[in-house]
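Working notes, structure below.
The values are calculated or read from the model by the stated rules, or taken from the named source; none is laboratory data. None of these values were measured; they are calculated from a predicted model. Note that we place each Cβ from the backbone using ideal geometry, even for glycine, and neighbour counts take in every protein chain shown.
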Amino acid sequence: MSFRRRPSGGRGALLILTTAPTAALGRSLAARLVKRKLAACVSLKEGWVSYYEWNGGLEKAKEVLLLIKTDRDHYQTVEKFLLRHHPYKVPEIIALPVLKGSKAYLSWISEVLE
């Protein structure tokens with residue numbers, strides 16, 4: 001994954017979005033990502049509702065949103081982890097570059113992930 005602009009104050013921080021079908025799975029994924037130092041922090045938002053097309057029909061699902069704070073160096077490993085441990089056939093895994101942020105927070109992410 002390559003992004004053209006380098007964010008200021010950090011080693012290329014990323015925000016990865018994914019969802020989980022249950023809060024228990026969301027908490028489990030979050031804890032394992034942080035424990036393995038693949039993410040500095042994972043925030044969970046319960047009560048998320050997703051609408052999407054699947055197999056030719058409109059689907060609606062209650063999900064838990066995970067906001068994974070990591071960096072570019074860890075993206076591939078995070079993606080592999082999510083693909084291995086996620087129950088969905090095609091899980092949402094979207095990475096957004098962090099273009100700006102608190103220097104202290106971005107430095108903290110880098111320190112935690114070293």
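Exactly one condition in (1) touching a helix residue (DSSP H, G or I) at 6+ places or on another chain (Cβ under 9 Å); (2) surrounded by fewer than 17 Cβ atoms within 10 Å (Cβ to Cβ) is not met by K89; state its number.
(1)
Only residues that are within 11 Å of L17 (Cα to Cα) and not in a loop (DSSP other than H, G, I, E, B): list them for the range 83-114, please.
Within the range 83-114, the first condition is being within 11 Å of L17 (Cα to Cα), and the residues that meet it are 91-96.
Hits for the range 83-114 are I94, A95, L96.
Kindly provide the set of residues from the range 55-84 that are of a type in the set (S, T, Y) and surrounded by 18 or more Cβ atoms within 10 Å (Cβ to Cβ), ordered by number. Break it down into steps so the answer makes sense when it comes.
Of all residues in the range 55-84, those of a type in the set (S, T, Y) come to 70, 75, 77.
T70, Y75, listed by residue number.
β-branched (V, I, T) and more than 11 Å from I16 (Cα to Cα), is that true of T77?
Values: β-branched (V, I, T): yes; more than 11 Å from I16 (Cα to Cα): yes.
Answer is yes for this residue.
Condition first: closer than 17 Å to F81 by Cα, of a type in the set (A, V, I, L, M, F, W, C) and touching an Asp or Glu at 6+ places or on another chain (Cβ under 8 Å). Now tell me which residues in the range 19-39 satisfy that.
A20
Residues being among the small types (G, A, S), at pLDDT below 95 and in contact with a strand residue (DSSP E or B) (Cβ under 9 Å, 6 or more places away or on another chain): count how many of those fall in the range 2-44. Write out each step before concluding.
Kept after step one, since they are among the small types (G, A, S), are these residues of the range 2-44: 2, 8-10, 12-13, 20, 23-24, 26, 28, 30-31, 39-40, 43.
Now restrict to residues that are at pLDDT below 95: 2, 8-10, 12.
Next, only the ones that are in contact with a strand residue (DSSP E or B) (Cβ under 9 Å, 6 or more places away or on another chain) stay: 10, 12.
Count: 2.
V49 - would you say it is surrounded by 21 or more Cβ atoms within 10 Å (Cβ to Cβ) and modelled with pLDDT of 95 or more? Give the steps one after another, and end with the answer.
Values: surrounded by 21 or more Cβ atoms within 10 Å (Cβ to Cβ): no; modelled with pLDDT of 95 or more: yes.
The answer is no for V49.
Which residues, taken from the range 68-82, are outside any helix (DSSP H, G or I) and under 21 Å from S28 (Cβ atoms)? Outline the logic, then answer.
Step one: of the range 68-82, the residues outside any helix (DSSP H, G or I) are 68-71.
I68, K69, T70, listed by residue number.
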